[in-house]
Amino acid sequence: MILRVTLVIAVTPYVARIMRASMVEVLESDYVEMARLKGMPERTVLVVAACCDHGFVTSCCSIVSALSLG
């Protein structure tokens, strides 16, 4: 049990950093900027870009790749 907790605590910041970097990259993409320029509410832009489109999937792929290498 202690080993599991230690491993989770050790890996969590690494995963969070990769997830944040991937999400920032998606939120700066062209289609998100275009939605903002067209006047779509910010909350809708964040929900659609992060959850429904490529944001979360891209983040998960980046995390799996990084964890498999390291």
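The values are calculated or read from the model by the stated rules, or taken from the named source; none is laboratory data. Small disclaimer: the values here were computed from a predicted structure and weren't measured. Ligands, DNA and RNA are stripped out before the accessible areas are found, and what is left, the full protein with its side chains, is counted by its heavy atoms. Shrake-Rupley method; radii C 1.70, N 1.55, O 1.52, S 1.80 Å.
Here are the numbers:
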| item | result |
| --- | --- |
| At least 20 Å along the helix axis (C-alpha) and Kyte average at least 1.6, DSSP helices within the chain | 55-69 |
| Gain upon complete extension [ALA10, LEU27; 0.36 nm per residue less C-alpha separation] | 3.4 nm |
| Surface share of carbon and sulfur [accessible, 1.4 angstrom probe, percent] for the chain | 70 |
| Answer label for P(r) over Cα pairs in 5 Å bins from 0, in percent (calculated), chosen among (1) 3, 19, 33, 27, 13, 4, 0; (2) 3, 15, 24, 23, 12, 9, 7, 4, 2, 1, 0; (3) 3, 16, 22, 19, 13, 11, 8, 5, 3, 1, 0 | (3) |
| Solvent-accessible area per residue, Å², over the chain with all protein chains present [probe radius 1.4 Å] | 77 |
| 222 nm mean residue ellipticity, helices alone, for the chain (DSSP H n ≥ 4; -39,500 (n - 2.57); rounded to 500) | -25000 deg cm²/dmol |
